[in-house]
Structure formats: C-alpha cells, structure tokens
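The values are calculated or read from the model by the stated rules, or taken from the named source; none is laboratory data. Owing to the predicted nature of the structure, the values given are computational and were not obtained by experimental measurement. All Cβ positions, glycine included, derive from the backbone under ideal geometry; neighbour counts span all protein chains shown. In case anyone asks, the SASA skips ligands and DNA or RNA and just uses the protein heavy atoms, side chains included. Shrake-Rupley method; radii C 1.70, N 1.55, O 1.52, S 1.80 Å.
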Amino acid sequence: MIDTKTSKVFRGIAILMVIASHYAGWMYTESFNESLRVWISTWGIYGVDIFFLLSGYGLVKSYQKSGINKGFVIKRIMNSYVPYILIAGFLAVLDKHIDSFGALVKLLIGYDYWFMCVLFALYIMFMLFYRFGGRAKEILLTLGVIGFSYWLYNKPEFQDFWFLSNGAFLLGVYGATLESKLGDKLKSAIIKSNLAFISFAVMVICAFWHVFGGALAAHLCASIMFALMTMGLCVQFKGEGFVLPTIGTYSLYVYLVHTRLFWKFVAYKESWSYFKGAVIAGLITLAFAVVLGFLIEFCLGKVTNFLIGKKK
C-alpha cells in the first residue's frame with residue numbers, strides 16, 4: 001500500500017516541514033510577515049505526524065516479515081539510536097553539556113531531542129508488546145501509547161507536541177495490520193472514499209474549532225485527520241524523483257544537525273538577514289546531512305550485517 005520510495009518522499013516532505021517550522025520560530029525580523037511566520041511555525045507538528053504514521057506502518061510491515069527477532073531489534077537500534085547517539089553525543093561533548101549524571105541520562109534517552117525520546121518509547125513498546133503480547137498485541141500497544149501520552153500530558157514540563165502525534169503512530173500500525181488482512185480491498189476503499197480530501201475537510205473544521213475554543217481537542221483532531229490525509233495521499237500517489245527520496249532517506253541526520261547549522265550560519269553572520277541565513281543554512285544542512293548520513297549508514301550497515309550474521 002505504501003511502497004518504500006513513496007515513504008521516502010513523504011519523509012522528505014516531513015523533514016522539510018519540520019525545518020521550516022523551526023526556522024520560522026527562530027526568525028524574528030520585521031521584514032518577514034508575522035502571520036506567515038506563525039503559520040509556518042505550526043508545520044512541524046504535522047511533519048512529525050507523517051514520521052510517526054510511516055514509522056508505525058513500517059514497523060508492522062517489518063514484523064510481518066521476520067517477527068521480533070534479533071535482527072529486528074538490531075536494525076532498529078542501528079538505524080535510529082546509534083546515529084542519534086553518535087551525533088547528539090558528539091555535540092554534547094563539544095559543548096561540554098555532559099557535566100552530571102543527570103545530563104548523561106538525558107542524552108541517553110533523547111530528552112533534549114523530544115522527537116527521538118518519544119520515538120524510542122514507541123519503538124520499545126512496539127517490540128515488547130509484539131514480542132510478548134500474543135493476540136492482544138495491538139490492544140496492548142494501543143493502551144500503552146494512550147497511557148504514555150496521558151502521562152506526558154500530565155507532566156507540566158512537556159509541551160503539547162510531545163504527545164499530539166502519537167495517534168498517528170497507531171494509525172500507521174493499524175493501517176498495515178488491516179492491509180495484511182484485506183489486501184487490495186483496503187487500498188481500493190481508501191481511494192474510492194477520497195480519504196485524503198475528507199480528512200483535509202475535517203482538519204479545516206478543526207481549525208475553526210480551535211478558533212472558538214477547545215484548543216487541545218482541536219489539535220488532537222487535526223493531527224489525526226492530517227495523518228489520515230497523509231495515508232490517503234501515500235496510497236494515491238507513488239513516490240518519484242531523486243531529491244525528496246534522498247532527503248527522506250537521511251531525514252534523521254537532517255533533524256539532528258539542522259539546529260546547530262542554523263545558528264552557526266545566522267548568529268555569527270551579522271551582515272546576513274535571518275531569512276538569507278535560513279536559506280543558506282537550510283541548503284548546507286541538507287547537503288551536509290546527506291553526506292554524513294551516507295558515510296555513517298555505510299559503516300553501520302557493515303556492523304549490522306556482522307551482528308545479525310548476514311553475508312553479502
């Protein structure tokens with residue numbers, strides 16, 4: 001239903017939305033329309049919706065091929081956690097941020113990179129419940145994600161975006177699960193029902209709901225509708241091209257380095273406007289992340305194959 005290249009295309013779109021959102025939030029300049037800046041700064045949450053939707057879908061598809069075995073766990077660690085530790089750890093050491101045991105723990109769990117922290121938690125729950133949950137695995141995962149989200153909601157130090165996208169992860173899980181049972185019937189139903197258009201329409205209604213009150217409920221509804229819209233688009237449009245799939249392939253690296261490079265090229269270039277600095281920083285970030293990601297994944301790929309005993 002969602003092939004690999006289409007997934008990469010949408011991951012590429014998602015990380016560009018996240019970068020644009022952060023850049024807009026950091027750009028304080030009278031030359032940039034304030035309403036436009038505020039609107040763009042909201043894109044990040046929807047970019048995370050795409051990531052979590054595709055992550056949930058991809059985990060189930062991988063599980064259906066091999067189950068939760070040694071190779072499954074090692075690949076998840078090598079594809080997400082190790083790159084995070086390498087880059088975030090290097091930056092933390094460079095900035096001398098690991099000055100206590102608490103700081104080390106925060107680094108290890110991804111606390112300062114909230115997306116990584118929540119993603120790790122979702123991965124762990126998925127592997128535990130799908131390994132030991134038996135026939136109740138989907139129900140246990142759903143309850144686990146809801147409970148985890150509720151815990152985040154009740155922690156005043158965590159902002160809303162820590163849990164708003166978790167529902168998208170479950171949608172991805174259930175989408176892949178239903179696909180395995182219904183096959184092409186599900187794909188046909190999604191296309192014939194115009195799921196993408198209907199979800200977009202409901203999302204617009206949620207925006208008005210937000211204006212007239214009920215902000216949290218409106219945000220949750222909009223997040224779910226956007227995830228459904230994304231699923232509909234992924235089914236209807238096949239991924240093509242080179243640029244977006246490449247950016248999507250190395251989106252994790254873009255996420256991990258974009259903050260550092262933005263401030264490097266904006267804060268220290270006083271002659272540049274924020275907008276000019278953002279454009280230059282963005283282009284350099286994409287190029288640097290692709291090269292860095294290629295080199296790291298080439299090396300980690302060798303290690304992964306060795307650990308799972310795979311020969312090429």
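For this structure, a couple of remarks:
- Residues that are within 19 Å of Ile15 (Cβ to Cβ), at pLDDT 95 or above and surrounded by fewer than 13 Cβ atoms within 10 Å (Cβ to Cβ) within segment 262-312 comprise Ala287, Val291, Leu295, listed in sequence order.
- Restricting the search to helices (runs of 4 or more DSSP H) fully inside segment 1-93 and requiring at least 2 residues that are of a type in the set (A, V, I, L, M), surrounded by 21 or more Cβ atoms within 10 Å (Cβ to Cβ) and modelled with pLDDT of 95 or more gives 4-26, 43-66.
- Residues that are open to solvent by 40 Å² or more (accessible area, probe 1.4 Å) and more than 25 Å from Gly47 (Cβ to Cβ), drawn from segment 109-135: Leu128, Phe129, Arg131, Phe132, Gly134, Arg135
- Identification of helices (runs of 4 or more DSSP H) wholly contained in segment 96-163 with 2 or more residues that are hydroxyl-bearing (Ser, Thr, Tyr) and over 23 Å from Ala217 (Cα atoms) yields 114-132.
- In segment 18-75, the residues that are under 30 Å from Gly301 (Cα atoms) and of a type in the set (Gly, Ala, Ser): Gly44, Gly47, Ser55, Gly56, Gly58, Ser62, Ser66, Gly67, Gly71
- Qualifying residue in segment 98-106 (condition: in contact (Cβ under 8 Å) with a residue 40 or more places away in the chain and open to solvent by 20 Å² or more (accessible area, probe 1.4 Å)): no
- Checking Val48 against (1) free of Cβ contacts under 8 Å to residues at least 60 places away in the same chain; (2) within 24 Å of Phe163 (Cβ to Cβ), the condition it does not meet: (1)
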